[in-house]
Amino acid sequence: MNPYVNIHTHHVGEGINILDVGEGKAWVEKEEKREWIEGQNVFYSVGIHPMKLNESGENLFAGIEDTARMEKVIAIGECGLDRRSPIGMKTQEEILAVQVGLAEALRKPLIIHCVKAYSELIAMKRRTGSSVPWIVHGYNNNEQILRQLLNHGLYISVGAALLDSRSNAFRLLRMIPAERLFLENDDKEVEISVIYEAASAIFEVDVEVLKEITRNNYNKVFGK
Ligand SMILES: [Zn+2]
């Protein structure tokens with residue numbers, strides 16, 4: 001049986017977890033002493049969230065490069081663009097570009113947070129010529145944007161929005177090709193197994209089939 005792959009989470013649970021630790025080196029070091037629990041496998045993503053930026057961005061970058069190099073840090077993020085952030089889009093794009101550069105240098109995938117800035121995001125993907133995988137997490141937007149993201153080679157991760165039958169994520173899930181799909185529980189208080197069950201009901205496939213799909217994608221994207 002394949003484990004659950006939880007591509008983006010803020011709390012560890014069953015399966016393979018990519019735990020978001022922000023820019024926190026201290027957190028990763030503390031995490032190194034995490035007690036091993038059967039059925040749980042923990043890796044990390046390190047990055048600067050666009051809602052946590054300050055105008056300079058500078059001090060946030062201090063140390064992030066070293067942390068990102070750690071072996072158990074397997075992704076850069078969540079990073080991205082957020083129209084709600086008090087920081088202007090141009091500054092956000094600059095700070096994202098630095099993180100794209102870091103991801104390229106380390107050959108680690110990006111976990112992307114994007115709110116109301118998808119055209120800017122896609123433009124950046126093109127402009128940077130980035131060749132590492134970009135995984136848009138928590139996707140819950142419309143069909144047109146989903147098609148654009150897929151056309152530009154991005155991976156799509158869907159989470160707790162699947163529990164709401166009126167959500168875009170619920171309605172559009174079947175449009176995501178198996179080889180681009182990930183699932184997550186993010187910061188929601190819902191077990192990853194519940195997300196997989198919801199997705200399996202929508203796809204009308206067994207949970208084990210979904211676990212195999214996301215495990216294959218995980219192996220491919222993270223070179224496991
Ligand atoms: Zn998150």
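The values are calculated or read from the model by the stated rules, or taken from the named source; none is laboratory data. From a predicted model like this one, the values you see are computed outputs, not experimental measurements. Quick reminder, even Gly has a Cβ in these numbers, built from the backbone with ideal geometry, and neighbours come from all protein chains shown.
Okay, here's what the table says:
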quantity: Strands (runs of 3 or more DSSP E) within segment 1-119 that include 2 or more residues of a type in the set (Gly, Ala, Ser) and at pLDDT 95 or above; calculated: 73-82
quantity: Options Gln40, Gln92, Gln99: the member that is among the polar types (S, T, N, Q), more than 22 Å from Gly129 (Cβ to Cβ) and surrounded by 15 or more Cβ atoms within 10 Å (Cβ to Cβ); calculated: Gln40
quantity: Residue within segment 83-102 that is under 18 Å from the mean Cα position of the chain (by Cα), within 16 Å of the ligand (Cβ to nearest atom) and not hydrophobic (A, V, I, L, M, F, W, C) present; calculated: yes
quantity: Residues of segment 146-160 satisfying the condition of being outside any loop (DSSP other than H, G, I, E, B), more than 16 Å from the ligand (Cβ to nearest atom) and more than 16 Å from Gly80 (Cα to Cα); calculated: Leu146, Arg147, Gln148, Leu150, Asn151
quantity: Subset of segment 182-211 [closer than 10 Å to Val5 by Cβ and more than 16 Å from the ligand (Cβ to nearest atom)]; calculated: Tyr196, Leu210, Lys211
quantity: Single match in Ala117, Ala75, Ala97, Ala68 (criterion: out of contact with any strand residue (DSSP E or B) (no Cβ under 9 Å at 6 or more places or on another chain) and among the hydrophobic types (A, V, I, L, M, F, W, C)); calculated: Ala97
quantity: Hits in segment 28-53 - residues which are within 16 Å of the ligand (Cβ to nearest atom) and under 22 Å from Val100 (Cα atoms); calculated: Phe43, Tyr44, Ser45, Val46, Gly47, Ile48, His49, Pro50, Met51, Lys52, Leu53
